[in-house]
1. Pick from GLN95, GLN101: which is open to solvent by less than 60 Å² (accessible area, probe 1.4 Å) and either over 18 Å from LYS15 (Cα atoms) or away from the ligand (no atom under 16 Å from the Cβ) (or both)?
2. Just checking, how many residues over the stretch 178-191 are surrounded by 12 or more Cβ atoms within 10 Å (Cβ to Cβ) and modelled with pLDDT of 80 or more?
3. Residue by residue through the stretch 192-235, note down the ones that are surrounded by 13 or more Cβ atoms within 10 Å (Cβ to Cβ), within 30 Å of TYR160 (Cα to Cα) and in contact with a helix residue (DSSP H, G or I) (Cβ under 9 Å, 6 or more places away or on another chain).
4. Can you tell which of LEU148, LEU168, LEU175 is surrounded by 11 or more Cβ atoms within 10 Å (Cβ to Cβ), at negative phi and over 28 Å from the mean Cα position of the chain (by Cα)?
5. Has the stretch 79-101 got at least one residue that is farther than 28 Å from THR197 by Cβ and hydrophobic (A, V, I, L, M, F, W, C)?
6. Are there any pairs with C-beta distances below 6 angstrom linking a residue in the stretch 24-38 that is touching a residue at least 24 places away in the same chain (Cβ under 8 Å) to a residue that is in a strand (DSSP E or B) and within 16 Å of the ligand (Cβ to nearest atom), with the two at least 6 apart or on different chains, and if so which?
7. What residue, among those in the stretch 21-49 that are touching a strand residue (DSSP E or B) at 6+ places or on another chain (Cβ under 6 Å) and within 13 Å of GLY88 (Cβ to Cβ), is nearest to the ligand (Cβ to nearest atom)?
8. Condition first: open to solvent by 100 Å² or more (accessible area, probe 1.4 Å) and either in contact (Cβ under 8 Å) with a residue 12 or more places away in the chain or within 8 Å of the ligand (Cβ to nearest atom) (or both). Now tell me which residues in the stretch 52-72 satisfy that.
Amino acid sequence: MALYVILMGVQGAGKGEQAKFISQTYDDIPQVSTGDLFRAMKTRTDPLAQRIQQIMAEGRLIDDDTTNEVVAERLSQPDAANGVILDGYPRTPAQADFLEQYLADNGKKVGAVVLLEINLFVAFKRAFGRVKAADGAVYNIYYQNEGLTYIQEAHPEHAYPPRIVATLNASGEVLQRRHDDADAAAVIKRIDTYLETTAPLIAYYDKKGLVQRINAEQSIEAVSADIRKVLDAVR
Ligand code: AMP
């Protein structure tokens, strides 16, 4: 049976990791991220792709019709025939309506909305504390900080809150941060936007009895086990 899962969670809730788990566990159904689909259009020069780049650069949402069209095109691909894990879509009730209609037209429906719940301060620390070494090793100044030292470095004109500079003790390597994680205010803004945009959708799917709340502060394995219980029952 086809499995359509909507994965929701604030950045840092572990969506990427759990999407991989769901895919591996259920027939390799692909993860479909609208953000990734839009980013992949970067190299295209047609007017639609250029308009999308412009809107993304301004941090706004792409209009519903365009988004729905891109998703419908993706869902019609052969590798999506057994279902998909949707990430970043739907983002508005109008998109949710479109998805429901699109699936119904194809004799299918959303099986579950998996909501990965974490305390928002934990979400902040996961994003703001994340640092990476050149060899790809990932650390977090709050949670995985063995062997590293960090200092808070104020902006010379105090134009933004102090940034964190972490160094590996053994080699002296200065660890890198994702550009969009480095600014505390930007991380908070993203969390805020997430809450604003998902609240109406959670209400929308709660009415349909589809929301499955998972405690995402547990270990990765424990979260996966909870998701498995839920999705096995749905199937
Ligand atoms: P994300 O990687 O999910 O944060 O998405 C990056 C950007 O892509 C967003 O800031 C929006 O501009 C656009 N985008 C992604 N998904 C959607 C969606 N479902 N509806 C509208 N715009 C979207």
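The values are calculated or read from the model by the stated rules, or taken from the named source; none is laboratory data. Computed from a prediction, not measured in an experiment: that's the story for all the values here. We place every Cβ from the backbone using ideal geometry, glycine too, and count neighbours over all the protein chains shown. For accessibility, only protein heavy atoms count, side chains too; no ligands or nucleic acids. Shrake-Rupley method; radii C 1.70, N 1.55, O 1.52, S 1.80 Å.
1. Sole residue among the options that is open to solvent by less than 60 Å² (accessible area, probe 1.4 Å) and either over 18 Å from LYS15 (Cα atoms) or away from the ligand (no atom under 16 Å from the Cβ) (or both): GLN95.
2. Within the stretch 178-191, residues that are surrounded by 12 or more Cβ atoms within 10 Å (Cβ to Cβ) and modelled with pLDDT of 80 or more number 7.
3. Listed by number, the residues that qualify are TYR194, GLU217.
4. So the residue among LEU148, LEU168, LEU175 that is surrounded by 11 or more Cβ atoms within 10 Å (Cβ to Cβ), at negative phi and over 28 Å from the mean Cα position of the chain (by Cα) is LEU168.
5. For the stretch 79-101, residues farther than 28 Å from THR197 by Cβ and hydrophobic (A, V, I, L, M, F, W, C): present.
6. Close Cβ pairs (under 6 Å, with a partner that is in a strand (DSSP E or B) and within 16 Å of the ligand (Cβ to nearest atom)) amount to ILE29/VAL84; PRO30/VAL84; GLN31/ILE85; GLN31/ASP87; VAL32/VAL84; VAL32/LEU86; SER33/ASP87.
7. SER33
8. ARG60 - this is the single residue of the stretch 52-72 that is open to solvent by 100 Å² or more (accessible area, probe 1.4 Å) and either in contact (Cβ under 8 Å) with a residue 12 or more places away in the chain or within 8 Å of the ligand (Cβ to nearest atom) (or both).
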